[in-house]
């Protein structure tokens, strides 16, 4: 393949090419091994303090959600009105709520419902909205028109109204099953918020589709699947990830709103949203009842936002 | 098999102009390419020049089957390619490849160079067995003058000229017979342009490639081309051998273009006649009647508005589409 004349010009150029090394991390330690975007991103992530901190926080919250008894031995549902609204003390670190239940235990046990609702509805929203947006952006024409109009219909529904309709019409009468309510809350959140995600993905996909590298891939004979997955998706993912990390916090908050309206989760199920909703009546006399669940919620959302930020930057070779 | 690797006859590409939100009406057509015919010989470079918006790039897209043609025929090695579908089209992709204009947008920023140059092998796995690919990618990088050890780098770590070399390596991967170069050097610095053009020339000798080389810079085209076609508003107005066209241009448009080429010799500067064209290229939605160049031509007469001049040999040795074709040397 190499003939002497081109090999000679090649050598001449590579001597200058060597000067384009941009940073210490690009000096290949294992020059022979081919790497991919994913492995490069992982290599980069492990060295990012932002990622390590946020991943540790998320891991901690997930542990709380999975095995709450590791963190507290107090029963979160045991309430004693005699210690109602007591301030934090050595006995109960976060104090007691209006009903006299230990706030620390309730925060620990509340992680499960909040995390499940937040994470699952974010994943569903991104999957539905992202897939439809990608297809609409790629195919355009009547497919795009149809999908965008359907999205407009869902987008036009006021969120709380839509959630009330879904929750009240699908819920079996008199049912207090936590799983069922959680499922319905997740369903109503994802069904009502995917249009936002779809619009973000659609516009990013349209931008990516017009790039020359998509043209080059088509000229090589690449299939539509290949163009969508290899060329458009990686380049259209960043804005959706920003939306997803912000949406996660909003969804945990929405779960609280639905609880407050009496159609979401309710006692004896504990969630951060339920706790925040409960504390509204007593916030002036006992601010700690709001402070602790809200702090946990904020820290969790912040951890997800930071994680999303770190992953987004790691997936962009230019930002490394 | 004939000597011509590509034969284009009366190729037409019209883009409909639509208005309306829900029910779209077609109100006209942009005649981007309007009856273009030429042959490309084996191992030859055909330069295509013209102003912006004259249909050069659309011609490339249609030849690459990236846009469907409105009419006409394109034959590759005697086989009609405009109607090809499925596996036949995939097979054609191995024979005709494209190098795009802008090296900054033609490489996926989230793929390593190894992935970019190796993608043709993934799409056409029959070309290279899996274990062989890495070696092939490194060979290709070597051929285009890049360091084969840089396969794990990303496009943004390379300069414009190096990126264009990556684009060339990707086009070469499938060992095509024809490469369509769509203004491959117009986004590069002048010093880098020469390097990339010399590389293209070397590759042509090494692999026996045929090029369709699109550019708007006449001196760039002259450096590489055996024959040159001049386009104006979707039509070829003059086509001929490089020396014939540059030294004995017969179409007024070609003469005007050539008179704008900078003269490298300061002694000769100011001695030649500079032809300045008035106005802009007319809208391709509604091109002028008769000769399309007549609105800006200093020779235009009654007949030009009524009769469209055919592309045929009138004076000299090569065809030109002008009723009043005459030789006029504008390059000193």
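What follows is calculated from the coordinates using simple rules that are stated; it is not laboratory data. Note that the coordinates shown come from a computational prediction; the quantities given were computed from them, not determined experimentally. Virtual Cβ from ideal backbone geometry, glycine too; neighbours counted across all protein chains shown.
In table form, for the structure just shown:
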| read-out | value |
| --- | --- |
| Whole-angstrom gap from segment A:40-104 to segment A:255-320, using each part's C-alpha centre | 12 Å |
| Cβ-Cβ FRET estimate between residue A:73 and residue B:122, R0 fixed at 51 Å, reported to 0.05 | 0.35 |
| For chain A, built as a Gaussian network whose Cα springs stay under 10 Å, the top-fluctuating residue of A:88, A:158, A:195 | A:158 |
| Residue among A:289, A:225, A:122 with the largest mean-square fluctuation in a Gaussian network model of chain A, springs linking Cα atoms under 10 Å | A:225 |
| Chain B, helix-only ellipticity at 222 nm - DSSP H runs n ≥ 4, -39,500 (n - 2.57), divided by all residues, nearest 500 | -8500 deg cm²/dmol |
| Taking only Cα atoms of segment B:86-223, radius of gyration then Dmax in Å | 14.3, 44 |
| Expected 222 nm ellipticity per residue - DSSP helices of 4 or more, -39500 (n - 2.57), all of chain A, to 500 | -22500 deg cm²/dmol |
| Pair-distance profile P(r), taking every C-alpha pair of chain B, with 10 angstrom steps and integer % | 5, 24, 31, 24, 12, 3, 0 |
| Angle between chain B longest axis and helix B:113-123 axis [Cα atoms, degrees, rounded to 10] | 90 degrees |
| Cα-based radius of gyration of the protein assembly as shown once divided by 2.2 N^0.38 Å, which approximates compact folds | 1.28 |
| Gap separating the Cα centres of segment B:157-188 and segment B:120-147, nearest whole Å | 15 Å |
| Mean separation of Cα contacts under 8 Å, 6 or more apart, over the residue count of segment B:4-225: relative contact order % | 26 percent |
| Spin-label model distance (nm) - residue A:56 vs residue B:87, 7 Å beyond Cα toward Cβ | 5.8 nm |
| Helix A:103-139 axis, angle to chain A major axis (alpha carbon atoms, nearest 10°) | 40 degrees |
| Rel. contact order, % - alpha carbon contacts under 8 angstrom, at least six apart, segment B:151-255 | 19 percent |
| Paramagnetic label zone (point 7 Å from Cα along Cα-to-C-beta, residue A:299; backbone N under 20 Å) in segment A:98-133 | A:102-119 |
| Acute angle (nearest 10 degrees) that the helix B:190-207 long axis makes with the longest principal axis of chain B, alpha-carbon atoms | 70 degrees |
| Added length on full extension, which subtracts the Cα-Cα distance from 0.36 nm per residue, residue B:3 to residue B:268 | 91.3 nm |
| Segment A:229-314, Cα convex hull volume normalised per residue, Å³ | 112 Å³ |
| Percent RCO, i.e. relative contact order, over chain A, from Cα pairs under 8 Å lying at least 6 residues apart | 23 percent |
| Rounded Å value of the spacing that divides the Cα centres of segment B:72-101 and segment B:272-332 | 33 Å |
| Most fluctuating residue given options B:189, B:286, B:265, as computed from a GNM of chain B linking Cα atoms under 10 Å | B:265 |
| Cα-based convex hull volume of segment B:253-332 per residue, rounded to whole Å³ | 110 Å³ |
